[in-house]
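Okay, structure first, notes after.
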């Protein structure tokens, strides 16, 4: 029979980890928004509205939508798990929010192609984070239904399409193949794509939770 002290300690760690995880995540996402607002105030031209300023607004809304999607995904997966955390858990909370902080520095620049390239890189990191979090969560017997989140037409579809799409956009724009209007439209498209990921994830997550409630025969 195990030591009651060890059992109590393990149980306490399992119960406290989701709260600590979400608290740290919330602080990092808050820093993303704070930094984005500081960057916008310090160096971005947002008025009067024209093709260039609308492009910048599109980038700002895209960064905000991605920060929201990042928080919802990691938080909802995090609160679903109750286990002793590993080093992998500690690192993954930085894997998505910190690149968003770096990405803020690409918003509102004269040339937009570096932002397109960085968007592709960020989506690749998001795909790795998504696959890792879902794999770790679904490894727990009571959360096996979470594997549903990785289905082909789930939220990862947005990432699989977005990675080559923004890489191609960066290449094309760096070779002066896009007009200012096209750059503006591509920048505006990023926020709806992030919200689509968020909607698809929430639908998949609700389905996984419902499936987890059904007792296995």
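A few notes on this one:
- From 166, 160, residue being modelled with pLDDT of 95 or more, within 14 Å of the chain's Cα centre (by Cα) and either surrounded by 13 or more Cβ atoms within 10 Å (Cβ to Cβ) or within 25 Å of residue 106 (Cβ to Cβ) (or both): 160
- Only one entry in 116, 73, 121 is more than 13 Å from the chain's Cα centre (by Cα), under 20 Å from residue 161 (Cβ atoms) and at pLDDT 90 or above, namely 116.
- Remark: pairs (first residue in region 167-179, in contact (Cβ under 8 Å) with a residue 60 or more places away in the chain; second residue outside any helix (DSSP H, G or I); Cβ separation under 7 Å; 6+ apart in sequence or on different chains) = 173/112.
- So residue 43, is it more than 16 Å from the chain's Cα centre (by Cα), within 19 Å of residue 139 (Cβ to Cβ) and modelled with pLDDT under 95: no
The values are calculated or read from the model by the stated rules, or taken from the named source; none is laboratory data. What you are looking at is a predicted structure, and each value in this text was computed from that prediction instead of being measured. Methodologically, a virtual Cβ is constructed for each residue, glycine included, from the backbone with ideal geometry; neighbour enumeration extends over all protein chains shown.
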